[in-house]
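Novice: What follows is a structure written as structure tokens; I'll ask about it next.
The values are calculated or read from the model by the stated rules, or taken from the named source; none is laboratory data. From a predicted model like this one, the values you see are computed outputs, not experimental measurements. Backbone-built Cβ (ideal geometry, glycine too); neighbour counts: all protein chains shown. Remember, those area values only see protein heavy atoms, side chains included, never the ligands or the DNA or RNA. Shrake-Rupley method; radii C 1.70, N 1.55, O 1.52, S 1.80 Å.
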Amino acid sequence: MTTASASDTYSDTIVRAACPHDCPDTCALLVTVRDGVAVSVRGDPDHPTTHGALCTKVSRYTERTYHPGRLLRPMRRIGPKGSGQFEPVSWDVALDDIAARLKAIAAREPQAILPYSYGGTLGFVQGESMAARFFHKLGASLLDRTICSTAGEAGLKTVIGGKLGLDVEQFEHSKLILIWGSNSITSNLHFWTYAQRAKRAGARLVSIDPWRNDTAEKCHEHIQLRPGTDAALAYALMHELIVHDRLDHDYIALHTVGFDALRERALQWPPKRAAEVCGVPAAQIRQLARDYGTTRPAAIRMNYGLQRVRGGANAVRAIACLPALVGAWRHDAGGLLLSSSNHFAANGAALERPDLLAGRKPRTINMVTIGDDLLREGGSDFGPKVEAVIVYNSNPLAVAPEGDKVRQGFARDDLLTVVLDHFQTDTADYADYLLPATTQLEHVDVHKAYGHRYWLANNAAIAPLGEAKPNTEIFRLLAARMGFTDACFTETDEQIAALAIAPDARNGGITWSTLRTSGWAKLPGPAAPFAQGGFPTPSGKCEFWSQRELDAGRGALPEVILPYECAATAPELAARYPLAMISPPARNFLNSSFVNVDSLRALETEPSLLIHPEDAAARGISDGQMVRAFNDRGAITCRARVSKRTRAGQIVALGIWWRKLSPSGTNVNQLTHQRLTDLGNGPCFYDCLVEVAAATSTRQVIAPCNAIGH
Ligand SMILES: Nc1nc2c(c(=O)[nH]1)N[C@H]1C(S)=C(S)[C@@H](COP(=O)(O)OP(=O)(O)OC[C@H]3O[C@@H](n4cnc5c(=O)[nH]c(N)nc54)[C@H](O)[C@@H]3O)O[C@H]1N2
Ligand SMILES: Nc1nc2c(c(=O)[nH]1)N[C@H]1C(S)=C(S)[C@@H](COP(=O)(O)OP(=O)(O)OC[C@H]3O[C@@H](n4cnc5c(=O)[nH]c(N)nc54)[C@H](O)[C@@H]3O)O[C@H]1N2
Ligand SMILES: [Mo]
């Protein structure tokens, strides 16, 4: 779709597109194309949440697309796994050989084949459409896509019934905003615009976060708790709301279940007790409870940062009880938002076609434990050994926990690894075949969002670069070679896009054919989803107390579950590795995407860690010195930044650097473990003990970015 624009020269066309990245903001883009080349990517000024502004990363999207390291031809490995040595081959040679090898494995045991994918693009078409159909038809192992948000999702679902919440556009009318487990300026910039408008109109902003991140710096108050202690803080707030009777009794009576039991539990958490667990002053907790109980409307913007610990789901559960207690849901600008995903109705079955399993029930592998699982022999508890992995939209060598195990797994000589990507990532170095995928500017897609309520269309702006192909086309071509003849394997990307938006009241009348022209369209529905109750839980109410959880053998009430790795639960480990490490996102990277874009990597400079002056002094570490952070799982080398922005006893190492662009050839995930969260089988990236010492030697970065690949 193209439209003329007065501000551009006569030969320019403007294409409506959508940001593909795994970010709550899912921005509406306008791509300017001149003579077949994308010359700029701008935010759509008319799209309310994008309001013409893009983050630094995506405003450099053309630099990423035309990067000299772009994979432009299929490549076949010629060196040892991990060496990154490849030779170009034709598509026919690559696909014929991959299909022949997959056929041979599938003839014996299709579950020995594993797809591995996540959030490289959040588009329905280039995500799990043709790819999922391919693996379903094959009968391959299923992948549990847990690496980001499933703990929080499980916690939220228990209490309010799903990933629903207040409309982000309403935050500007809030009078108190708790930014809980989120560095919004980094990871949710367009929400921050609304928070700033609220602030200018007199609202109070509170950050609840273990480090003084850029967002906390700009809030009125920062509650700097220990990682993994949020449920204790939430219970202490409930204690205060109850003791001082700052409750909305009508809302509780009409729209909630289990208040008496919750009350009894909350009364066990006076601020003094929580203060000890969380490591914050009791007076600060009391003040926050007073503000939350007396300010209307009060809104909570939670993000996924707080659920990457052992008790992550229960922390979200505890926090999700707060809005109902004070009746915050009554107001358009009150309540909470973690994710808006379930406001949308996407047609998963039509896209992914689970019916192609035809009654087979393949085992499921959790993407968080890929390190262990690639190293397992077959067995009755596990099923067949993994013999082939097809990676797309993900970079597991960089992003999955316990990185050295992941590396060892992908280094197996008897493993067939196929990687579809734009670049020769850390994972790509271990591939047998490396297949060049198109970027968002080169293919069609359709998007919902998890931080706002608009469907968005992505029209292709330019032709595929080199020999790159969309994920869909690669799986179509593989399907043909496998002999899959179902009609769904010949559907075009446009046809798939049209399937994504389900004909469902939640989507209003939005269809692909109107969306691709308009670019974006907002869901119908009230700003305040639960003003009159109507929670999509089994009881139809906000469930403080959950029969479903009790039936599953777990706590009916939210539980305070401390981290696997902390002094209270693992004193011997903490004696050897006394520092808690958190590794949240860096502003100029998107997980491990963009790390190879020179101008963005220059802004982040190099891998570093924040260490508190007391901890630095105790180890003889000075600001700017190279240090090692290590535990029994491995080590990283990076530069120390001595700073009071972190707590004593805690280091902050922003992620997620490519291993091969880091001084030690390893990144933060060399240190993290593979244990899972309380609910949702999620990862515990921020539940990790380490020690830090001055580095004795530093290896050079092995591959300057522009030299990668060709
Ligand atoms: N620039 C940029 N934007 C991104 C991303 C990125 O990598 N870079 N990642 C995207 C992705 S994949 C996601 S899932 C989203 C959401 O991404 P999130 O990971 O939620 O990102 P943040 O909001 O930046 O960071 C999490 C915050 O949680 C804090 N935190 C860590 N542990 C705890 C805890 O136990 N309790 C509390 N209260 N806070 C804790 C961290 O210190 C950090 O400030 O953002 C997306 N946006
Ligand atoms: N220590 C630590 N680890 C973390 C986190 C953390 O905060 N700390 N965050 C976690 C979170 S929240 C998440 S969501 C995961 C993210 O993990 P991933 O979803 O793996 O995210 P990325 O690292 O961005 O890798 C995505 C890859 O997909 C590629 N890609 C993009 N678009 C396409 C496409 O159209 N086709 C193909 N074939 N490839 C494409 C990109 O080039 C990139 O290499 O990481 C997790 N890991
Ligand atoms: Mo994520």
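Novice: Indicate the gyration tensor shape class of the range 405-536 (rounded, prolate or oblate), computed on the Cα atoms with a ≥ b ≥ c the square roots of the eigenvalues: a/c under 1.5 is rounded; otherwise a/b larger than b/c is prolate and the rest oblate.
Specialist: prolate
Novice: If you don't mind, there's one more thing I want to ask. To the nearest 10 square angstrom, how much accessible area does residue 506 have with a 1.4 angstrom probe?
Specialist: We get 110 Å² for residue 506.
Novice: Take the Cα pairs of the range 571-704, get the Kirkwood Rh, then feed it into Stokes-Einstein at 25 °C and 0.890 mPa s and tell me D in µm²/s.
Specialist: 162
Novice: Using a 1.4 angstrom probe on heavy atoms only, work out the carbon and sulfur share of the accessible area of the chain in %.
Specialist: 50
Novice: Another question about this same structure. Between residue 532 and residue 622, what's the calculated FRET efficiency when r is the beta-carbon distance and R0 is 56 Å? Round to 0.05.
Specialist: 0.40
Novice: A follow-up question, please. Taking 0.36 nm per intervening residue step and subtracting the Cα-Cα distance, what contour gain separates residue 90 from residue 644 on full extension?
Specialist: Gain on stretching residue 90 to residue 644: 194.0 nm.
Novice: Kindly provide the trypsin sites (Lys or Arg not before Pro) of the range 402-473 that DSSP labels as loop, not H, G, I, E or B, and whose Cβ sees at most 10 other Cβ atoms within 10 Å.
Specialist: none
Novice: Let me know the charge dipole size of the chain about its Cα centre in debye, to the nearest 20, where only the beta-carbon of Lys, Arg (+1) and Asp, Glu (-1) is charged.
Specialist: 880
Novice: Shifting gears a bit: Pop out the ³J(HN,Hα) list for the range 491-498 in order, Karplus 6.51 cos²θ - 1.76 cosθ + 1.60 with θ = phi - 60°, rounded to Hz; leave Gly and Pro as x.
Specialist: The phi angles translate into 4, 7, 4, 5, 5, 5, 4, 5 Hz.
Novice: So what's the gap between the Cα centers of the range 161-218 and the range 72-114, to the nearest angstrom?
Specialist: 46
Novice: Using only alpha-carbon positions, what ratio does the radius of gyration of the chain give when scaled by 2.2 N^0.38 Å?
Specialist: Ratio of Cα Rg to 2.2 N^0.38 Å: 0.93.
Novice: Starting from the eigenvalues of the Cα gyration tensor, five times each then square-rooted, give me the equivalent ellipsoid semi-axes of the range 559-604, largest first, whole Å.
Specialist: Details: eigenvalues 236, 33, 9 Å².
Semi-axes from the Cα gyration tensor: 34, 13, 7 Å.
Novice: In Å², what does the accessible area per residue of the range 62-140 work out to with a 1.4 Å probe?
Specialist: 34
Novice: Tell me which residues come under 5 Å, amide H to amide H, from residue 566 once H is placed; ignore anything under 5 positions away on its chain.
Specialist: Answer set, sorted by chain and number: none.
Novice: For the range 312-368, what size does the Cα cloud have along each of its three principal axes, sorted from largest down, in whole Å?
Specialist: 49, 25, 17
Novice: For residue 81, list the lysines whose Cα falls under 16 Å from its own Cα; do not include residues on the same chain fewer than 8 positions away.
Specialist: The reachable lysines, counting only those whose Cα sits under 16 Å from residue 81, are 405, 660.
Novice: Please compute the Cα-Cα pair-distance distribution of the range 188-333 with 10 Å bins starting at 0, giving whole percents from short to long.
Specialist: Reading upward from the zero bin: 11, 42, 38, 10.
Novice: Would you grab the residues whose amide H sits under 5 Å from the one on residue 204? Only those 5+ places off in sequence or on another chain, please, with H modelled 1.01 Å from N.
Specialist: 176, 177
Novice: How much accessible area does residue 454 have with a 1.4 Å probe, in Å² rounded to the nearest 10?
Specialist: 10
Novice: Only helical DSSP H runs with n ≥ 4 go in: add -39500 (n - 2.57) per run for the chain, normalise by residue count and round the 222 nm mean residue ellipticity to 500 deg cm²/dmol.
Specialist: Values: 26 runs with 204 residues, N = 710.
The per-residue figure over the chain is -7500 deg cm²/dmol.
Novice: Next question. If each residue of separation counts as 0.36 nm, what is the full-extension length gain between residue 551 and residue 282 once their alpha-carbon separation is subtracted?
Specialist: 93.3 nm
Novice: Could you tell me how many cubic angstrom of Cα convex hull volume the range 2-65 has per residue?
Specialist: 84
Novice: Under 18 Å Cα to Cα from residue 199, which aspartates and glutamates show up? Leave out anything in the same chain fewer than 8 places away.
Specialist: Correct list for residue 199: 167, 169, 172, 214, 217, 221, 291, 332.
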